[in-house]
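The values are calculated or read from the model by the stated rules, or taken from the named source; none is laboratory data. Being a predicted model, the structure only gives us computed values, none of them experimental. No Cβ is skipped: glycine too gets one built from the backbone with ideal geometry, and neighbour counts run over all protein chains shown. The area values use the complete protein model at the heavy-atom level, side chains included, leaving out ligands, DNA and RNA. Shrake-Rupley method; radii C 1.70, N 1.55, O 1.52, S 1.80 Å.
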Amino acid sequence: MRMYDILAKKRDGGTLAAEEIAFVIAGYTSGEIPDYQMAAFLMAVFLRGMDKAETAVLTDCMARSGDVVDLSAIAGVKVDKHSTGGVGDKTTLVVAPLAAACGVKVAKMSGRGLGHTGGTVDKMEAIPHMRTTLSGEEFIRQVNEIGLAVIGQSGNLAPADKKMYALRDVTATVNSIPLIASSIMSKKLAAGSDAILLDVKTGSGAFMKTLEDSIALAAAMVDIGEANGRRTAALITSMDAPLGHAIGNSLEVAEAVATLQGRGPADLTEVCLELCAGMLALAGQGTHDDCRAKAEGAIADGSGFARLRQMVAAQGGDASVIDDASRFAPAVARAEVAAPVAGYITGMDTEGIGTAAMLLGAGRATKEDEIDYAAGMVLHAKTGAYVQAGAPLATLYAADEKRLGAGREKLLQSISFGEKVPALAPLVLARVDKDGVRQY
Ligand code: URA
């Protein structure tokens, strides 16, 4: 088999055989296929696409390019959850303990934030002494004992994806549905769970800006999961405004705790209940309504909160900050931002607000940047609210006045005001599973 012939076949719109895709991924992972040929392959896929069968094989080969986590020593159904990334998205910290309290096993690997989006591992590391690296044995033991563990992604999970993503980044081939879907799902397949619930964000703060594109990505990922023997479903949820009020690592942990205690913002609580219901349904725990009722019960009786506390303690974290968020180290500087005019908030450029949080110190512009765990903002008003001129819009937290100024300017640029009440889209816009797409 020659890479040259495979490139010519895809360039001309052909359908690749499983052995040809396996040859490409094995050769690129081992270094036998050079970057220039792989770059041509990625561009051919970008321009010509891949059908469902090709995409499923590509993902399987990428998943098997490195370590594949074996979760068979964990009793019960293991359900994973993945978000395509957003601003103020602390759902994993709520949903994983809730689902565990309802009887599913959550053995989860999460990522770090980059650019305007946050990452669960960074939020967990805001908790003093919290470990986000566990040995394989510790990981399995913890999930068997308390039903959940959330850690960072291990070094050798889907190495083909790591190399391919870096190449896509510099060859203008990131934005392709088969390449994005295979990239995300290769890591999910390698992480070993029986079922996968995807939270595909859509809107101004999401990777996919339109509902149509978000549904297409969700459908591609559901097809990949099902073709590879994993029960898979996706919710399309809104990222047209930040989720909840808090953006920034320790602020988001505190808001996740409040949500588990039944004191969370309505939008965050709603999305978390729907995601948890989706995970329980994939685990075979009943109808959507039964599963939703179980998730609500785990908030009402405190069992979800108790699981988060247990996980923090089991991973060495200081659980006193979970009991009392005022024990988090405070930011050095804070400032109030007031509404510049009276009117309705008619829109939020959520990506811009995520960038404002990054400028405050809550995120990274490059992988090497250090995070200030206390930095970020709490929004006091979101899209649809009426504000008087001078009314509080947000409280900002940062290490110094310069960062506060940069964050304030970017935040104000990202909020639009008007005289008419804006139409608000639903928080959950669609559901995608093996039976098709339902739009709300
Ligand atoms: N996230 C991933 O892991 N891969 C992509 O291609 C895009 C987003």
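Centroid-to-centroid, using Cα positions, region 76-155 and region 396-440 are 24 Å apart. Looking at M130, N156, T173, which one has the Cα that reaches farthest to the positive end of the dipole of region 112-207 (charges on Cβ: Lys, Arg +1; Asp, Glu -1)? Farthest towards the positive pole: T173.
Looking at the chain, I'd like the Rg to Rh ratio, where Rg is from alpha-carbon atoms and Rh is Kirkwood's inverse mean 1/r.
0.97
With the highest mean first, a sort of the peptides 408-416, 143-151 on other beta-carbon atoms found within 10 angstrom per residue produces 143-151, 408-416.
Full extension of the chain segment joining L412 with D35 gains 131.5 nm, where the gain is 0.36 nm per residue of separation less the Cα-Cα distance.
For region 267-350, the calculated P(r) over all alpha carbon pairs, in 10 Å bins from 0 to the bin holding the longest distance, is 14, 25, 26, 26, 9, 0 percent. Taken along the Cα-to-beta-carbon direction at a fixed 7 Å, the label points for A166 and K367 span 0.6 nm.
Placing R0 at 56 angstrom, the Cβ-Cβ distance between A391 and T15 gives a FRET efficiency of 0.45 after rounding to 0.05. Using a probe of 1.4 Å, the accessible surface attributed to L157 totals some 10 Å² when neighbouring protein chains are kept in position.
For a Förster distance of 35 Å, can you work out the FRET efficiency between the beta-carbons of D435 and Q261, rounded to the nearest 0.05? Efficiency for this residue pair is about 0.50.
Ordering A18, G31, F41 by Cα displacement along the dipole of region 6-45 toward the positive end leaves F41 in first place; charges were set at the Cβ atoms of Lys, Arg (+1) and Asp, Glu (-1).
With respect to the cross-link table entries K201/K367; K123/K434; K105/K163; K9/K188; K187/K402; K105/K382, which display a Cα-Cα separation exceeding 27 Å? Beyond 27 Å between Cα atoms: K123/K434; K105/K163; K9/K188; K187/K402; K105/K382.
Ranked by the mean number of other Cβ atoms within 10 Å of their residues, highest first, the peptides 348-354, 41-47, 28-34, 197-203 fall in the order 197-203, 348-354, 41-47, 28-34. Taking the simple approach of a point 7 Å from Cα along Cα-to-Cβ for both K209 and R334, what is their distance in nm? Here the answer is 3.5 nm between the modelled labels. Taken over region 47-157, the ratio of Cα radius of gyration to 2.2 N^0.38 Å equals 1.18. Other residues whose C-beta falls under 14 angstrom from the C-beta of V321 contribute a net charge of -3, scoring Lys and Arg +1 and Asp and Glu -1. Peptides 313-319, 54-60 ranked from most to least packed by the mean count of surrounding Cβ atoms within 10 Å: 54-60, 313-319. Accessible surface of Y4, taken over heavy atoms with a 1.4 Å probe and every protein chain present, rounds to 140 Å².
Rounded to the nearest 5, what is the percent of antiparallel bridges among the DSSP beta bridges in the chain? Percentage antiparallel, nearest 5: 55. Distance between the pseudo-spin-label points of S135 and Y4 (7 Å out from Cα toward the beta carbon): 5.1 nm.
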